[in-house]
Amino acid sequence: MNDNDAKRYDVVVVGGGQAGLAIGYFLARQGRDFTILEAATEPAAAWRERWDSLKLFTPARYNALPGLAFPGDPDRYPGRDDVVAYLTDYARHFDLPVELGRHVRSIARSDGGYLVELDDGAYAADQVVVATGPFQIPFVPAMADELDDEVVQLHSTSYRSPHSVPEGRVLVVGGGNTGFQIAEELSASREVHLSIGSRQTPLPQRILGRDLFWYLEATGLIRKTTESRIGRRLSGRETLIGSTPRRLRRKHGVVLHGRAVSAAGSTVALGDGTQVEVDGIVWATGFKVDHSFIDAPIFDSAGRVVHQRGVTESPGLYLLGLTWQHTRGSALLGWVKDDAEHIANQIETLSATVPTEPRAPERVA
Ligand SMILES: Cc1cc2nc3c(=O)[nH]c(=O)nc-3n(C[C@H](O)[C@H](O)[C@H](O)COP(=O)(O)OP(=O)(O)OC[C@H]3O[C@@H](n4cnc5c(N)ncnc54)[C@H](O)[C@@H]3O)c2cc1C
């Protein structure tokens, strides 16, 4: 398909999660002609894939996208469904042009702008914002293939509740917030082992009656950028919020291990020299980011996108919502607006300097 057959917009946003909606808010305020293409058929798709009992580690007061408070007591810790409801309502509240079920297959430079291709159509845009999420493709280590079929294995994105996992001994692999929360939940009904590959810095959820994020805001740490020394140090270390290995072991009886190193049959060998025979495994082993659908000169030799706070070297092509894109807040509900506003300003500046082509009066599918 070529540009002439494509619908034309000033800006196409790819991805309708919190990052896509936040940039949508600023583009709407600019009066820009834009659309948001979302692959899923329902809003808040990423949050729908998270487990039933998930409680946010950020209190409601820090979960607002620009222009609309997160409902309820500002000090409460909302659940997954509260976020789904909020994001759904957000798009409606600002009448944002979110097109559901529109999976973008490729983005390529074309005629001074971009051609955004889907399976059943294409969009031409002067500028494109890629907001496809920091946690795209569930990652499971190759050793999973060595386990017998009788061992039930699932990635944390498929874990909903203890019913997702068989009775018997369960190994949760992954020492981040997800691994800790799932291990704790399962421990009420099963023997649970947790494999911790690299220890994360434990931080209390509340200190002297205030939430952790209150301190991060008050001290300015949440906005320290990857260009600052402290920002670089913080970005190199994951944090475990509201839990500790000691608490998980003592209070919930979870057996802690080192890194999972190999697997065979129904047994997993762990870095601490132990072996665990398992009935089920939850891989809380994270995600990979995939930007292979972008055909533009924005990658380094290792295939990583080169950008400055989401602004790539391909004029008019931006990323939004990545982990530590600029600060700790970049991939969090309450702070993604900072980067979104920055990108929206870049879009406005570029629109003002680059003469746009005359538009066809009617859009053709
Ligand atoms: C377990 C867990 C707990 C978390 N808890 C908190 C918390 O307490 N507080 C907090 O602030 N943050 C939390 N986060 C982090 C963060 O808020 C989320 O990861 C957030 O979902 C990122 O938003 P996003 O819009 O950048 O990406 P996503 O929410 O992943 O949205 C990206 C969207 O792009 C769509 N998409 C992808 N590819 C394409 C394509 N090719 N074409 C069209 N559409 C596409 C996807 O369907 C998706 O809807 C948590 C994350 C996890 C994993």
Amide H partners (placed H, <5 Å) of LEU194, local residues excluded: VAL172, VAL255, LEU256, HIS257
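Note down the relative contact order for region 17-171 as a percent, whole number, built from C-alpha pairs under 8 angstrom at least six residues apart. Walk me through the numbers before you get to the answer.
Numbers: 188 pairs, mean separation 40.1, N = 155.
The normalised contact order for region 17-171 reaches 26 percent.
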Heavy atoms of ARG102: accessible area, 1.4 Å probe, square angstrom to 10: 40
Qualifying GluC sites (Glu not before Pro) in region 145-201, DSSP loop, other Cβ atoms within 10 Å at most 13: GLU150, GLU167
Cα-based helix-to-principal-axis angle, 336-353 vs the chain, degrees rounded to 10: 20
DSSP-defined antiparallel bridges as percent of all bridges, the chain, nearest 5: 40
With eigenvalues of the C-alpha gyration tensor scaled by 5 and rooted, region 75-145, Å: 29, 24, 11
Amide H within-cut-off set for LEU240, under 5 Å, with H built and near neighbours excluded: THR201, LEU203
Long-range amide H partners of LEU54 with built H, under 5 Å: ARG80
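Given the pairs LYS251/LYS288; LYS288/LYS337; LYS224/LYS251, which span a C-alpha to C-alpha distance of over 30 angstrom in this model?
Over 30 Å apart, Cα to Cα: LYS251/LYS288; LYS224/LYS251.
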Average accessible surface area per residue within the chain, 1.4 Å rolling probe, Å²: 48
In sequence order, calculated HN-Hα J values of region 319-324 (Karplus, 6.51, -1.76, 1.60; Hz; x Gly/Pro): 10, 8, x, 6, 4, 6
Computed over the chain, the ratio Rg/Rh where both radii use C-alpha atoms and Rh is Kirkwood: 1.00
Among LEU21, ASN63, HIS103 - extreme Cα towards positive end, dipole of region 15-122, charges at beta-carbon: ASN63
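Let me check against my output: what whole-number percent is the relative contact order of the chain, with C-alpha pairs under 8 Å and at least 6 apart?
Worked out over the chain, it gives 22 percent.
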Stokes-Einstein D in µm²/s, Kirkwood radius over Cα pairs - region 44-200 at 4 °C with 1.567 mPa s viscosity: 68
Relative contact order (%) - region 90-144, alpha-carbon pairs under 8 angstrom, separation at least six: 19
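Could you look at region 58-133 and say what percent of its accessible area is carbon and sulfur, using a 1.4 Å probe and all protein chains?
Carbon-and-sulfur percentage of accessible area, whole number: 46.
The values are calculated or read from the model by the stated rules, or taken from the named source; none is laboratory data. Not measured: the values here are computed from a predicted model. Methodologically, a virtual Cβ is constructed for each residue, glycine included, from the backbone with ideal geometry; neighbour enumeration extends over all protein chains shown. Calculation scope for accessible area: heavy atoms of the full protein, side chains included, ligands and nucleic acids excluded. Shrake-Rupley method; radii C 1.70, N 1.55, O 1.52, S 1.80 Å.
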